[in-house]
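Report on the following structure.
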Number of protein chains: 2
Amino acid sequence: MTERVKSATIADVAARAGVSQASVSRVLNGKSTVDPEIVRSVRRAVADLGYRPSLAARSLVQGRNQTVAMVVPDLENPLFQGILKGLSVAAAADGYRVLVADTVERVDEEEPTAIEARERCDAIVLCAPRLPADRLAKLTARVAPAVVVNRAVDGDAPVVGVDYARGIRDLVEHFASLGHRRLLYLAGPESSASNADRLRGVAEATAAHPGVEIRVAACGSRLDDGYAAADLVVSALREGVTGVLAFNDLVALGLLTRLRALGVDVPGAVSVSGFDDVPMAAFATPALTSLSVPRAELGAQVWSRLRALIAGEPAGHPVTYRPRLEVRESTGPAPVIA
Amino acid sequence: MTERVKSATIADVAARAGVSQASVSRVLNGKSTVDPEIVRSVRRAVADLGYRPSLAARSLVQGRNQTVAMVVPDLENPLFQGILKGLSVAAAADGYRVLVADTVERVDEEEPTAIEARERCDAIVLCAPRLPADRLAKLTARVAPAVVVNRAVDGDAPVVGVDYARGIRDLVEHFASLGHRRLLYLAGPESSASNADRLRGVAEATAAHPGVEIRVAACGSRLDDGYAAADLVVSALREGVTGVLAFNDLVALGLLTRLRALGVDVPGAVSVSGFDDVPMAAFATPALTSLSVPRAELGAQVWSRLRALIAGEPAGHPVTYRPRLEVRESTGPAPVIA
DNA sequence: CTGTTAGCGCTTTCAT
DNA sequence: ATGAAAGCGCTAACAG
């Protein structure tokens, strides 16, 4: 039987070192100056006892616990994974850890989950692309300090995000320069904020390129959604569409798979682009033209905002990253219409 | 200026309800029976004050904080992501949250990171495929309660994992039944425990199938590793190899991409298999034969062990999941050797 | 069934 | 520069 030993407390250290708890605390926290003699004896006692301070006690008295939470609708989503990674690595460098909460795409869980998660932490980052704007605004106020990812929000929570509209405009520019005049946008989930942003981009691009028509069709965000959209794409070809902008890479990849099976040449018969630049994009056949989003960088940026907020400083302006266009083989000159 | 209000404490609630703190605590925790009259007044006071108990205080007195940690070498790895998702969802159902710590593939960070993370939590799950066995054994003892993912470990920490060796044997069986007699295993990272398991599977399969030869070549675990291995595969073909077992799906996918570019027919000239059954596997061309691993299920299983351990119960036997063979188009009959 | 009273382990005035 | 002592907000004995 292993003896369940109660671990050493600061009182034990103080006793062993023959000093007061206050001195131990000072040595451990490097606050104010302490007699070198005491410092040494405290360090020795700490080592001898294998003392480790209780974080719970420290949290109680300090009111913070060096932890931040991140709420996401789906941990399986590569974007959130990348942000989480960037965030957790950056936070770790400052002695912070991150707690994750997955709301499994259930919008109504987001508020209670965020509130509960926030109670365990010093700050929170919200990824809630589907939550109605007014509820999100209320929520961010409730759980402040908070930073919001990938969508605008009323109130003073800082936002870090991706300029999806800009990405789409750059993409349309690319298609237009290749001679495409009729495009199809395969839309993502209807309630998604980032899909709305892309649609705004579509509208702006249409305004900017009077000669280019951009149709929109409902699709989705996953491989099978893209796969299933192939028929729709094929019939669009007959109506003069020569380029397809998929909501994201997964959709584009699924579409590519099915088009290949159908014998539709890409980019010969139709050009296809994705969004996100997942690792697989470069390895698709043909290699997928996409918009690269600095996921880990976003996470790091989220941390820098969070840290500022926790320190009580202003969080700075909202940042949005402009996606970088990665031109690969899946987009080419528009075919000459028969 | 928003007034920084100190939030209500249990004392405030007690005062407002005209009862003792103990009664408030009882009502809130549903311990023992309390006069309905008191229950109502406490609930009212709680609601009026918008009171929320301090988790820090509760942690201090109870010695636990309803949080578990998960240490991973790389959050970007789909396997760990899946486990994390399964774990966090299962844990959430029991009121637990999970804290993640990414050691960014730095083996020497694993111990300090695990120890530090464990101090913030009630238990921990260790994914440390590269950590030497003896160090892992010491570590699990140090941070107990702990569960280990995907590798055996000395001591009494429960293990939940995947039976990689068995998967490889099933795969070889599949290749053999298709008439393949000379195979090539593209190995993963050298120090990885799961690669060692697969190698064991290779050895076992070799013993079980005297007519089948399995060569091993160093490769890696990523798309580009597979891509880079194509030349090696091509020359192996000349030596009579007709089937390639890739370390995982990413390697297989990368290989497929390059083979396609080289004009090597799959499965006509060579059959290729992956491992993990990532979503993309089914959408590759040709669709990739793979071994499916129940990632979320693993996470849920991890939680059930963790919960038992936290409750002071025995954790039960180690579990290993046998991967399920998903036969798709990338494996076919062995070509007749010229 | 309810209230009183100790702490949980640490930080932080406040004296000295 | 150091120590004594007062909490942080809560739960859990222990009385009543």
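Observations on the structure shown:
- Gyration tensor (alpha-carbon) shape descriptor, the stretch A:164-293, a/c threshold 1.5: rounded
- The protein assembly as shown: antiparallel DSSP beta bridges as a percent of all, rounded to 5: 10 percent
- Simple spin-label estimate for B:Arg215 and A:Asp94 gives 5.3 nm between the two label positions (7 Å along the Cα-to-Cβ direction from each Cα).
- Built amide H within the under 5 Å cut-off of B:Arg215, gap 5+: B:Leu183, B:Leu184, B:Tyr185
- Taking amide hydrogens as placed 1.01 Å from N in the peptide plane, the amide H of A:Leu291 sits under 5 Å from those of A:Gly274, A:Phe275, A:Asp276, A:Asp277, A:Glu326, each at least 5 positions away in sequence or on another chain.
- The stretch A:181-198 - phi-based ³J(HN,Hα) in whole Hz, Karplus 6.51/-1.76/1.60, Gly and Pro as x: 10, 9, 10, 10, 9, 8, 6, x, x, 4, 7, 6, 5, 6, 5, 4, 4, 5
- Cleavage-rule hits (GluC sites (Glu not before Pro)) in the stretch B:200-279: DSSP loop, at most 15 neighbouring Cβ within 10 angstrom: B:Glu239
- The Rg/Rh ratio of chain A, with Rg taken over Cα atoms and Rh as the Kirkwood radius over Cα pairs, comes to 1.16.
- Qualifying trypsin sites (Lys or Arg not before Pro) in the stretch A:67-122, DSSP loop, other Cβ atoms within 10 Å at most 12: A:Arg106
- Distances, shortest first, from the label point of B:Gly312 to those at the same position in the other copies read 4.2 nm; the point lies 7 Å along Cα to C-beta.
- Evaluated at q = 0.13, 0.18, 0.25, 0.26 Å⁻¹, a Debye calculation over the C-alpha positions of the stretch B:72-156 (equal weights, vacuum) places log10 I(q)/I(0) at -0.38, -0.75, -1.42, -1.50.
- Relative contact order, percent, chain A [alpha-carbon distance under 8 Å, six or more residues apart]: 16 percent
- Gaussian network model of chain B, springs between alpha carbon atoms under 10 Å - residue of B:Arg182, B:Arg151, B:Arg260 with greatest fluctuation: B:Arg260
- Considering only Cα atoms, the convex hull volume of the stretch A:3-54 works out to 68 Å³ per residue.
- For the stretch A:55-141, the relative contact order comes to 38 percent (Cα pairs under 8 Å, sequence separation of at least 6).
- Under 27 Å of direct C-alpha separation, and excluding same-chain neighbours fewer than eight residues apart, B:Lys31 reaches these lysines: A:Lys6.
- Nearest-20 debye value, the stretch B:10-62 charge dipole, Cβ charges on Lys, Arg, Asp, Glu: 140 debye
- Charge-dipole axis of chain B as Lys and Arg at +1 and Asp and Glu at -1 on Cβ define it, positive-most pick from B:Leu309, B:Ser330, B:Gly167: B:Leu309
- Contour minus Cα-Cα distance for A:Lys138 and A:Ser32 (0.36 nm per residue): 34.0 nm
- Inter-copy label distances at B:Arg215, using a point 7 Å along Cα-to-Cβ, come to 5.1 nm with the shortest given first.
- By the count of neighbouring beta-carbon atoms within 10 Å, fewest first, A:Asp156, A:Asp35, B:Asp276 end up ordered A:Asp35, A:Asp156, B:Asp276.
- The protein assembly as shown shape via C-alpha gyration tensor axes, a/c threshold 1.5: oblate
- Ordering B:Thr140, A:Pro318, A:Leu237 by the projection of their Cα atoms onto the charge dipole of the protein assembly as shown, which places +1 on the Cβ of Lys and Arg and -1 on the Cβ of Asp and Glu, puts B:Thr140 at the extreme positive end.
- Label point 7 Å beyond Cα along the C-beta direction, distances from B:Asp134 to other copies (nm, shortest first): 6.6
- Each Lys and Arg Cβ is given +1 and each Asp and Glu Cβ -1; about its Cα centre, the stretch B:164-293 then shows a dipole of about 220 debye.
- The stretch A:30-87-the stretch A:304-338 distance, computed between alpha-carbon centres (Å): 33 Å
- Computed over the stretch A:164-293: relative contact order in percent, which uses C-alpha pairs under 8 Å that are six or more apart: 23 percent
- Assigned charges on the beta-carbon of Lys, Arg, Asp, Glu; the protein assembly as shown dipole about Cα centre (debye): 1540 debye
- In the stretch B:2-103, GluC sites (Glu not before Pro) in a DSSP loop with at most 15 other beta-carbon atoms within 10 Å: B:Glu3
The numbers here are math on the coordinates, done by the rules we state, and not lab data. Remember, it's a predicted structure, so these values are computed and weren't measured experimentally. Note that we place each Cβ from the backbone using ideal geometry, even for glycine, and neighbour counts take in every protein chain shown.
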